[in-house]
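**Q** Provided herewith is a single structure, encoded as structure tokens, for subsequent inquiry.
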Amino acid sequence: MIDSWKDNTAKSNEHWKWQGETGLKYDLVSSFLSLGRSIFAYTYVAFRTIRKMISIGTFTQLIAAESSLNGAIGGMVNSVTELVKRCNYAYEYVLFMEYPAALKKGSKPVEKKSHEIEFRHVSFSYPKTDRKVLEDVNIRITPGEHLSIVGLNGAGKTTFIKLLCRLYDPTGGQILLDGTDIREYDYTQYMEQFAPVFQDFKLFAFSIAENIAFDDKDADITALTDRVGLHEFVEKLDKGTDTSIFKFFDEEGVEPSGGEQQKIAIARALYKDAPVVILDEPTAALDPIAEYEIYKQFNSLVGGKSAFYISHRLSSCQFCDHIAVFSDGRIAEYGTHAELESIPDGIYARMFEAQAKYYRD
């Protein structure tokens, strides 16, 4: 680390040295021009005063005027330079704002209800790479269905969800919502259909209530915090759900544990009351008992909504209607827990056995 710091310091010093040496000649030219202008002005005015062509009072006024003129010219040059610089910044902003949208946004309205979702021959590659993260994915999720998505790291599970949420568009195939390509729907209305909790969710340094309900001041979130297992956590706080999270802006704020933060994020998703709930590793930071409580209440938490549930803990799959096993960007296996567990040497069966044997042993 010290060697790296020395390297970067040397590069930084070299840059500032180059900048200083480059600017020095222009500063010298500017200074000599200013000096020459002043010498000429003073000599000319002094000469006319000595020849009694102007009075001492006029001489004083002209000297003061020259000084003011010098300052005004310098200020004008600086202002023009600053204007040119700021115009260049503004030009880059204009270019950015006129850049074509990466995602096609339609105008078809979307009704907030349970939907049938279909991936039809969907493939996806990240820009500037030929590697397909997803390849020819085909699956249909009926309204109200709970789908568990499992697979090894890098199998394409989270990318599958991000395509559904239109964080990206597929490079091949179609994603259909009620039989219509999702690119044809109004983007804002389409996004209102989903309540996701991603692995890298963020909480804000505001109150618990604001983190769940945002600007809805009249929201009653007590039932939600109880459902996700935050009752004891909130009960211990003097201000209840009005307590600030973190201490950035409030010295009396609390520092929730990772599991408590995850529960707040789940409560936020449920408060949105969207037709589709997406939980990406929602219990990764929870202790086994808290995880069991979340699983036990899974159906009541999600209710009749469609749900996508990504987890490496395969015990969670038993709470879902179907399981999609991703491998190398494809859905390698699909079915219920019982069906997949019975496949000899299947991916799901091997993963389940690998986790289960440690509990049995």
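Every number here is computed from the coordinates shown, using simple stated rules; none is lab data. What you are looking at is a predicted structure, and each value in this text was computed from that prediction instead of being measured. Neighbour counts run over all protein chains shown; Cβ positions are idealised from the backbone, glycine included.
**Q** Using per-residue counts of other Cβ atoms within 10 Å, averaged over each peptide, order 19-25, 337-343 from highest down.
**A** Going from most to least packed, we get 337-343, 19-25.
**Q** May I ask which residue of ILE54, ILE39, GLY20 lies farthest towards the positive end of the charge dipole of region 2-97, with charges of +1 (Lys, Arg) and -1 (Asp, Glu) on Cβ and the Cα centre as origin?
**A** So the residue furthest toward the plus end is ILE54.
**Q** A further question on this structure: Would you work out the Kirkwood radius for region 232-361? I mean one over the mean of 1/r across all pairs of different Cα atoms, in Å.
**A** For region 232-361, inverting the mean 1/r across all distinct Cα pairs yields 17.0 Å.
**Q** Measure out, as a whole number of angstrom, how far apart the alpha-carbon centroids of region 69-145 and region 1-49 sit.
**A** Rounded to whole Å, the Cα centres lie 42 Å apart.
**Q** Show me 28-36, 162-170 ranked by packing, highest mean number of other Cβ atoms within 10 Å first.
**A** Output ranking for 28-36, 162-170: 162-170, 28-36.
**Q** In a shell of Cβ-Cβ distance under 12 Å around ALA274, excluding ALA274 itself, what net charge do Lys and Arg (+1) and Asp and Glu (-1) give?
**A** Residues near ALA274 contribute +3 overall.
**Q** Defining a contact as two alpha carbons under 8 Å apart and six or more residues distant in sequence, what relative contact order in percent does the chain show?
**A** 18 percent
**Q** Using Cα centres only, tell me the gap between region 220-279 and region 295-361 in whole Å.
**A** A separation of 28 Å, based on Cα centres.
**Q** To the nearest 500 deg cm²/dmol, what mean residue ellipticity at 222 nm is calculated for the chain from DSSP H runs of n ≥ 4 alone, each contributing -39,500 (n - 2.57), summed and divided by the residues?
**A** -15000 deg cm²/dmol
**Q** Now a separate question. Starting from the Cα coordinates of region 2-97, work out the convex hull volume and express it per residue in Å³.
**A** Roughly 155 Å³ of hull volume per residue.
**Q** Using only Cα atoms, find the angle between the long axis of helix 2-50 and the longest principal axis of the chain, and express it within 0 to 90 degrees, rounded to the nearest 10.
**A** It is inclined by approximately 30 degrees.
**Q** Starting with the highest mean, order 3-10, 253-260 by the number of other Cβ atoms within 10 Å, averaged over the residues of each peptide.
**A** The packing order, highest mean first, is 253-260, 3-10.
**Q** State the three equivalent ellipsoid semi-axes of the chain, derived from the C-alpha gyration tensor as the square roots of 5 times its eigenvalues, in descending order and whole Å.
**A** The three semi-axes for the chain are 65, 27, 23 Å.
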